[in-house]
């Protein structure tokens, strides 16, 4: 109605190229992907970034969340089918992700091609369109190294998991152009303590793979993406024994359905576009992956890979929230000037940019280490990064949302969805405590991983006194860990991991970020020139780094 003129409203944020507008991503690909592959990677990622920032992708995301997955347990004739229906938008998102090579293709590329780094940049780029569908994409990628513990299984499934074709529907694998993988690890009584699993696996002669056939009976509390073609599942072959890992397809070689009863879909805080289920196995066929009672070992590569994607996904969530905040503040006026030009808002935005860049840099550097075969750095670095980057995402998004005020709290602006999504990766693949304790175990059992992390963090030694001092203190304190009791070590694990993470991030910022931003990050995160919340940088740091930082957002 013509009661007033609408003014001071922020224009839609569309047409932004998510990849090329992010200098950390584009610089990282050019830095770490070898030249003979770099131009092709940049070109493909630029195309993906254009689609990720389009109105079409935004509509797919809205529809996938508005029309959430629906469980269909029986067909019209009463036969049990245990299927999940998705909005067509979900399939469009999955099609693009698979077509961009974000599933298992990186494992099949030639050594030295930078394939994992290219994929990491693609995950950060495409996750910003809609993060929920990245879960099955991540599991498909992570299933490849796990299956290599059984070459016969890998030979059958790896080409499908590495395919760029998204071929939805429960059919026998040889009839499909591509396959998606899921996993079923946790149970009601155990959660992260998978050794408490009660699902049983009984060896059965014959079957689709003679000599490797088992029948599983039990339940899984979280089985994500239940319409996947194949799952990695933990079960025990002997009561009280350590779990073994099994490959469980939804459809067997003869075309019949493997028993896979979906009890319900989880009603989740976030990630609502993706179906997460509770599943019952009753004589469900599975093939042993690796050795009996070595299931944790068989999936350790899968866990490390999914944890890396947790870092990448959280970095993507940060970046998506940041760009929304900066876009809003550039166009919204209050108290006589645009928000972005107000000193306190510049402090907040500068602080957020520093955090976002450091998170993205860490994720890309760990992906590069994966390309280089640097298992020592990835073993500890991924656990450290998974704890810290994922832990920082929820307060980060909350602060970015606040930049929009009330507009950020309503659904159509997208920030509410990001806020619900923000805690997910800190929980998935081990909550904060699980990851922090894993860091302690890695330091104790694999000292080479600690040496590799310190080597990486020391690359920037001699450039900023605060970084040098932090490295000295950290090395001294880590060397004294053996003098502490087990309870004291466990109680202090989070603080140790935080220091490892921020020191490593600081070194990466000094090595790769603009000088003024690196100085601000080191001074605030290691030098104490910052309060407890975002937006509490020393004013001198905002003057030094603010303009450059916000420009890069």
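Quick notes on this structure:
- Scoring residue 169 on the criteria (1) touching a residue at least 12 places away in the same chain (Cβ under 8 Å); (2) over 16 Å from residue 290 (Cα atoms); (3) assigned to a loop (DSSP other than H, G, I, E, B) leaves a single failure, condition (1).
- For residue 254, the conditions (1) in contact with a helix residue (DSSP H, G or I) (Cβ under 9 Å, 6 or more places away or on another chain); (2) more than 23 Å from residue 132 (Cβ to Cβ); (3) part of a loop (DSSP other than H, G, I, E, B) are fulfilled apart from (1).
Here is a yes/no grid of residues against (1) touching a residue at least 60 places away in the same chain (Cβ under 8 Å); (2) assigned to a helix (DSSP H, G or I); (3) surrounded by fewer than 24 Cβ atoms within 10 Å (Cβ to Cβ):
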{"site": "320", "(1), (2), (3)": "yes, yes, no"}
{"site": "327", "(1), (2), (3)": "yes, yes, yes"}
{"site": "330", "(1), (2), (3)": "no, yes, yes"}
{"site": "344", "(1), (2), (3)": "yes, yes, yes"}
{"site": "357", "(1), (2), (3)": "yes, yes, no"}
{"site": "368", "(1), (2), (3)": "yes, yes, yes"}
{"site": "376", "(1), (2), (3)": "yes, yes, yes"}
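- Hey, residue 217 surrounded by fewer than 18 Cβ atoms within 10 Å (Cβ to Cβ) and not in a loop (DSSP other than H, G, I, E, B) or not: yes
- Selection within the stretch 428-442 - crowded, with 21+ Cβ neighbours inside 10 Å and either in a helix (DSSP H, G or I) or not assigned by TED's automatic domain parsing to the domain that holds residue 388 (or both): 435, 436, 438, 439, 442
- In the stretch 145-172, the qualifying residues are those that are surrounded by fewer than 17 Cβ atoms within 10 Å (Cβ to Cβ) and over 24 Å from residue 305 (Cα atoms), and the one that is nearest to the chain's Cα centre (by Cα) is 169.
- Which numbered condition residue 440 misses (of (1) farther than 30 Å from residue 350 by Cα; (2) without any contact (Cβ under 8 Å) to a residue 40 or more places away in the chain; (3) touching a helix residue (DSSP H, G or I) at 6+ places or on another chain (Cβ under 6 Å)): (2)
- Restricted to helices (runs of 4 or more DSSP H) entirely inside the stretch 46-130, those with at least 2 residues that are out of contact with any helix residue (DSSP H, G or I) (no Cβ under 6 Å at 6 or more places or on another chain) and crowded, with 20+ Cβ neighbours inside 10 Å are 55-66, 88-99.
This table checks each residue for (1) outside any loop (DSSP other than H, G, I, E, B); (2) at pLDDT 95 or above; (3) surrounded by fewer than 21 Cβ atoms within 10 Å (Cβ to Cβ).
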| position | (1), (2), (3) |
| --- | --- |
| 459 | yes, yes, yes |
| 462 | no, yes, yes |
| 500 | yes, yes, no |
| 517 | yes, yes, no |
| 523 | yes, yes, no |
| 528 | no, no, yes |
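- Filtered residue count, the stretch 384-414, keeping only those that are touching a helix residue (DSSP H, G or I) at 6+ places or on another chain (Cβ under 8 Å) and under 22 Å from residue 24 (Cα atoms): 15
The values are calculated or read from the model by the stated rules, or taken from the named source; none is laboratory data. All values reported here derive from a predicted model rather than from experimental measurement. Cβ sites come from the backbone with ideal geometry, for glycine too, and all protein chains shown count toward neighbours.
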